[in-house]
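Trainee: What follows is a structure written as structure tokens; I'll ask about it next.
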Amino acid sequence: MAKFLEYQGKEFFKQSKIPIPEGIVASTPEEAKAAAKKLARPVMVKAQVHAGGRGKAGGVKFADTPDEAEARAREILGMDIKGLEVKQVLVEEQLDIVQEFYVGIIINSAQEVRGPVLMFSPDGGMDIESVSSDRISTLNVDVVKGLMPYDTLNMAASMGVAGKPLRQVADIIFKLFKMFQKLDCRTLEINPLVLTADGRVIAADCRMAVDDQALFRHPEMGIKIGREFLKEPTEFDLIGWSFEASDFRGTSYVAEMTPPEVVAKGGYVGYHGIGGGAAMIGMDALNKVGLKIADYADTSGNPTASKVYRTTKLILSQPGIDAYFLAGFMMANQEQWHHAHGLVKALREELPKKPGFPAVLLLCGNKEKESQEILKEGLADLDARIEIYDRERVYDATFIAGRVKALVDEYKKDQSVSQGDN
Ligand code: GDP
Ligand code: MN
């Protein structure tokens, strides 16, 4: 899912006419100070990371003066929240909170629902999971009939919201649902939606994630890679994503793990897993023999030969890698001959550029016999250190990683000898 940071989500709130606090994003303590000065009132300094529970982690702090804002930003920037480094803070008008509500919409894909579920609770500010169910009103929205303004009025009223805030709260829930639909969200949440001492109802937080398959409808969002991708994509990553963006048959996941200048130091393998679990088995085994992965790749979910071909080509294009390793540590039920065809084509094109290059392939599962034939016939005449394994070795990651290591050592030795000759 394409996730958005709080401040990005709040921009979409603004467009949907959902009230938000005034705020400015800052990347340095000095910028935070300037932002607080500009807002000219007490502020909150809030860590911008793709994680909830920032408050508890110390990533949301009060600051009554610009100097305090600078100091709080200095504490929060660079902080680690749930494994994510804080690189930006949102400096925002401090709200005088009288009550916190929760409003959220998710897609429930369970057979009996299969649609958006709207939730409202008068006990906002904490995890919705820890709110008792009688304090949450939920509504499975009929997407054909749509949501009516009285639905959200009833919802808020049923949870005890009354008087002037009732209409404001109901109106915001309604607008939130419209925004959810318009932007093809999977999740859209305001926690807390707050009632302030001066009678305003304002979205104090935002969690937003958009359906990857709908991103093509939203170029304005500027999402380069339509899947959870928490770093700035490199050229390698973008090429990998292009295989997916244009073809949804099966999955190919490719991401750079190590910058090329580090790969160039040696000991890195062009890595190609089949299935996430299998890929982890292979990585662990490689690490145990002292090798590391240059990239992470996974072709599974019955991908086409062309997808496997493109992925393999990309993996092999990494300068400085010492081997190619296909870690098919699973009896896959996808028809593996698509893999075999894609691999043969890619390896036949790339390996002649790298004489003696190690390529270790483990491929088993459905159509294994045919796949093995395709690999063995297709790669027989190449000048490379190719070893091909089948189900006999599927439980033997230690052995296979040992073979990768042995071939890498031979290959490096050859290279140093030939360099010595020059
Ligand atoms: P989260 O912990 O990642 O969900 O971050 P939130 O943005 O929800 O902030 C955590 C908590 O800080 C909220 O539930 C509020 O109780 C509190 N908080 C956030 N903004 C303000 C504010 O402007 N004024 C006050 N008094 N509390 C705030
Ligand atoms: Mn929150």
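Rule-based calculations on the coordinates, nothing more; no lab input. As the structure is a prediction and not an experimental result, all values here were calculated from the model. Glycine also receives a Cβ, built like all others from the backbone with ideal geometry; neighbour counts cover every protein chain displayed.
Trainee: In the neighborhood of Tyr389, defined by Cβ-to-Cβ distances under 9 Å, what is the net charge if each Lys or Arg adds +1 and each Asp or Glu adds -1?
Mentor: After counting each charged neighbour, the total is -1.
Trainee: Note the angle between two axes, namely the Cα long axis of helix 164-182 and the longest principal axis of the Cα atoms of the chain, as a number of degrees from 0 to 90, rounded to the nearest 10.
Mentor: Approximately 20 degrees, to the nearest ten.
Trainee: Note down the relative contact order for segment 22-94 as a percent, whole number, built from C-alpha pairs under 8 angstrom at least six residues apart.
Mentor: 46
Trainee: Turning to a different aspect of this structure: Relative contact order for the chain: what percent, with Cα pairs under 8 Å and sequence separation of 6 or more?
Mentor: That works out to 11 percent.
Trainee: Related question: Among Glu235, Glu228, Glu6, rank each residue by its count of other Cβ atoms within 10 Å, from fewest to most, as a rough exposure measure.
Mentor: Glu235, Glu228, Glu6
Trainee: So, R0 is 35 Å and r is the distance between the beta-carbons of Glu261 and Lys413; what FRET efficiency does that work out to, to 0.05?
Mentor: My answer for the efficiency is 0.90.
Trainee: On to the next question. Please work out the Cα center distance from segment 246-268 to segment 127-156, rounded to the nearest Å.
Mentor: What the calculation gives is 43 Å, centre to centre.
Trainee: By how many degrees, 0 to 90 and rounded to 10, does the Cα axis of helix 397-421 deviate from the longest principal axis of the chain?
Mentor: 70
Trainee: Got a sec to turn the phi values of segment 318-335 into Karplus ³J(HN,Hα) couplings, 6.51 cos²θ - 1.76 cosθ + 1.60 with θ = phi - 60°, whole Hz, x for Gly and Pro?
Mentor: 6, x, x, 6, 9, 6, 10, 9, 9, 9, x, 7, 7, 7, 5, 8, 6, 6
Trainee: If one takes the longest principal axis of the Cα atoms in the chain, at what angle in degrees, from 0 to 90 and to the nearest 10, does the Cα axis of helix 368-379 lie?
Mentor: Approximately 60 degrees, to the nearest ten.
Trainee: Find which of Ala157, Leu382, Ala297 sits farthest along the positive direction of the dipole of the chain, computed with +1 on the beta-carbon of Lys and Arg, -1 on that of Asp and Glu, about the Cα centre.
Mentor: Ala157
Trainee: Around Ala278, with a cut-off of 12 angstrom between Cβ atoms, what is the net charge of the other residues, counting Lys and Arg +1 and Asp and Glu -1?
Mentor: -2
Trainee: At 222 nm, what value in deg cm²/dmol follows for the chain if DSSP H runs of at least 4 each add -39500 (n - 2.57) and the sum is divided by all its residues, to the nearest 500?
Mentor: When only DSSP H runs of four or more count, the value is -11500 deg cm²/dmol.
Trainee: What does the charge count near Ala47 come to, summing +1 for each Lys or Arg and -1 for each Asp or Glu among other residues with Cβ under 11 Å from its Cβ?
Mentor: +2
Trainee: Now a separate question. Whose amide H sits under 5 Å from the amide H of Asp123, counting only residues 5 or more places off or on another chain, with H placed in the peptide plane?
Mentor: Amide H neighbours of Asp123, under 5 Å, 5+ apart: Tyr102.
Trainee: Express as a percent, rounded to the nearest 5, the fraction of DSSP beta bridges in the chain (both residues included) that run antiparallel.
Mentor: The antiparallel proportion sits near 75 percent.
Trainee: Further question: With 18 Å as the limit, write out which pairs from Lys3/Lys231; Lys3/Lys38; Lys224/Lys345; Lys224/Lys292; Lys14/Lys178; Lys17/Lys175 have Cα-Cα distances beyond it, or answer none.
Mentor: Lys3/Lys38; Lys224/Lys345; Lys224/Lys292, as the Cα separations exceed 18 Å there.
Trainee: When the dipole is taken about the Cα centre of the chain, and only Lys, Arg (+1) and Asp, Glu (-1) are charged at their Cβ, what size is it in debye, to the nearest 20?
Mentor: Magnitude of the dipole: close to 540 debye.
Trainee: When Ile172, Ile97 are ordered from fewest to most other Cβ atoms inside 10 Å of their Cβ, what list results?
Mentor: By the 10 Å Cβ count, ascending: Ile97, Ile172.
Trainee: Within a 10 angstrom radius of the beta carbon, how do Asp212, Asp381 rank from fewest other beta carbons to most?
Mentor: Neighbour counts put them in this order, fewest first: Asp381, Asp212.
Trainee: Would you work out which of Ala69, His50, Ala32 lies farthest towards the positive end of the dipole of segment 22-94? Charges go on Cβ: Lys and Arg +1, Asp and Glu -1.
Mentor: Selected residue: His50.
Trainee: In whole Hz, what ³J(HN,Hα) sequence does segment 185-198 give by Karplus (6.51, -1.76, 1.60; θ = phi - 60°), x for Gly and Pro?
Mentor: 6, 9, 9, 8, 9, 10, 8, x, 8, 10, 9, 9, 4, 8
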